[in-house]
Amino acid sequence: MAQYDYDLFVIGAGSGGVRAARLAAMSGARVAVAEEDRVGGTCVIRGCVPKKFMVYASEYAGHFKTAQGYGWSFPEAPRFDWPTFLAEKDKEIARLSGIYVTNLQNAGAELVHAKARLIDAHTVELVGKEKTVTAGKILIATGGRPWVPADLPGIEHVITSDEAFHIPQLPQRMTIAGGGYIAVEFACIFKGLGVDVTLVHRGPNILRGFDDHVRAHLAEELERKGINVLLGCQHERVEKTAAGLVSHLSNGATVESDMVLFALGRAPYVEGLGLEAAGVAVEDGAIVVDDFSKTNVESIWAVGDVTNRINLTPVAIREGAAFAQTEFYDNPTSFDHEMVASAVFSQPAIGSVGMTEAEARHAHGQVDVYLSRFRAMKHTFSGGEERALIKLVVDAKSQKLLGCHVVAPDGPEIIQMAAIALKMGVTKAQWDSTCAVHPTLAEELVTMREKYMPQDLGPVA
């Protein structure tokens, strides 16, 4: 590919793009990466990483309360300082972003700080630099951006998840629009930090796509923590007043707050990419790719959220790695999108892998369900009311585990190991043959023997 400036040009320096660029460069290929913002992408800069720091910070309010049940006392009430947290968070994000830059450079890839736009199948314009470059292969890894209804009256008064990481001071009252994992996580974060939170969602329950028992259980826990959850309605307009903001909802209700956060989902970031000029196919706003992340254009690939397959950072990384293995190591590799575990860092958190009960019944017909809801040992001692939920979904015929769902403080940590077993096709008998680790919350996973019937979910132990 000597006729081109680069063997590979990557548009977007997020997790997927960086992994692909590094591996390709390490093969000896000439690689360049264009990034219009900070290196690290959504996850490092305005997603998983800073949000997890916020989750940690918000959990301490509950930890302090639990500690009192264990005999701890505090001479004065613990205080949280938002500006101090922001400064430390920003320092850590800068450090991580710097690591991404260093790793790219050490691998031999060139980093270009500019927005890139396709001119044709092999040519990229570096916007603002009055320069074009050519590449034998082009990889698009631009991720996603928050979606907001642009025509909603008063939309200029709301913030999105991008801005939530940088608000100068905590509001006393916040209204959050949305029912997905981003909205739910931020509702728990800001509630834990002392904000009066109202969550507004147009659907009948939060977390569409998750198991129905999980959704109902977490909704109850959010209410128990004092989050006002309003379902079956949505914003019609946002009014700015002298006292703050007023959310006018479709059910006729109004909610007054100091800040309104819209977390209605994210859309693939394809704006200004020049996809039409290069002939790249787009469907429902996402770049269309095959199992090897290749578009309909022979020289162009796409990975990560811009393809709207499974929008998770580890998935983007694996897709980027598979692309590099296929195109630069002569090792045809495609990422298997089945049985990918996920987490919601709500409070309590969710760990989930495999099918929901509804999905399993649709795909397999008869299924066996094992379900347990209980207060964890930590909370029974201290008088806490938080409950955990564990659910297994099993194919009745083959006895193969189809789904595992955990709602508990350590749910995401637990589900990582469960995902290995489900990915390998474990049966319920094999699962049950594992000896429990006692005393742990996770031991409930391997001690459930009685099949769940709808009338069985009685009072919490």
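The values are calculated or read from the model by the stated rules, or taken from the named source; none is laboratory data. On a predicted model such as this, the values are computed, not experimentally measured, just so you know. As a convention, Cβ positions derive from the backbone with ideal geometry for all residues, glycine included, and neighbour counts pool all protein chains shown.
Here are some notes:
- Hits in the range 67-107 (condition: within 30 Å of ARG22 (Cα to Cα) and more than 25 Å from the chain's Cα centre (by Cα)): THR102, GLN105, ASN106, ALA107
- Flag for ALA302 being surrounded by fewer than 18 Cβ atoms within 10 Å (Cβ to Cβ), modelled with pLDDT of 95 or more and not hydroxyl-bearing (Ser, Thr, Tyr): no
- Count of residues meeting criterion [under 19 Å from LEU312 (Cβ atoms) and either of a type in the set (A, V, I, L, M) or touching a strand residue (DSSP E or B) at 6+ places or on another chain (Cβ under 7 Å) (or both)] in the range 271-294: 5
- Candidate set from the range 249-260 (those that are over 14 Å from LEU152 (Cα atoms) and touching a residue at least 60 places away in the same chain (Cβ under 8 Å)); member that is surrounded by the fewest Cβ atoms within 10 Å (Cβ to Cβ): GLU256
- In the set ILE182, ILE189, ILE167, only one residue is outside the structural domain of ALA87 (by TED's automatic domain parsing), closer than 14 Å to ILE350 by Cβ and not small (Gly, Ala, Ser); that residue is ILE182.
- Total residues in the range 352-384, condition touching a strand residue (DSSP E or B) at 6+ places or on another chain (Cβ under 7 Å), more than 18 Å from ASP211 (Cα to Cα) and not small (Gly, Ala, Ser): 1
- Any chance GLU76 is surrounded by 12 or more Cβ atoms within 10 Å (Cβ to Cβ) and charged (D, E, K, R): no
- Counted residues, the range 182-225 - those being charged (D, E, K, R) and under 30 Å from ARG79 (Cα atoms): 8
For every residue, the table says whether it meets (1) farther than 15 Å from ILE390 by Cα; (2) at pLDDT 95 or above; (3) aliphatic (A, V, I, L, M).
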residue	(1), (2), (3)
ILE414	no, yes, yes
ILE420	yes, yes, yes
MET424	yes, yes, yes
ALA429	yes, yes, yes
THR434	yes, yes, no
HIS438	yes, yes, no
LEU441	no, yes, yes
LEU445	no, yes, yes
TYR452	no, no, no
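- Top-ranked residue of the range 217-248 - restricted to ones that are free of Cβ contacts under 8 Å to residues at least 24 places away in the same chain and surrounded by 15 or more Cβ atoms within 10 Å (Cβ to Cβ), ranked as nearest to VAL260 (Cα to Cα): VAL246
Here's the yes/no breakdown for (1) under 20 Å from the mean Cα position of the chain (by Cα); (2) in a loop (DSSP other than H, G, I, E, B); (3) in contact (Cβ under 8 Å) with a residue 60 or more places away in the chain:
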| position | (1), (2), (3) |
| --- | --- |
| GLY16 | yes, no, yes |
| ALA24 | no, no, yes |
| VAL33 | no, no, yes |
| ALA57 | yes, no, yes |
| HIS63 | no, no, no |
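- Residue match in the range 156-166 (condition: under 29 Å from LYS89 (Cβ atoms), surrounded by 23 or more Cβ atoms within 10 Å (Cβ to Cβ) and of a type in the set (Phe, Trp, Tyr)): no
- The range 283-297 - residue that is in contact with a Pro (Cβ under 9 Å, 6 or more places away or on another chain) and closer than 23 Å to ALA321 by Cα and, of those, surrounded by the fewest Cβ atoms within 10 Å (Cβ to Cβ): PHE292
- Which listed residue is crowded, with 19+ Cβ neighbours inside 10 Å and under 30 Å from HIS337 (Cα atoms), from VAL446, VAL394: VAL394
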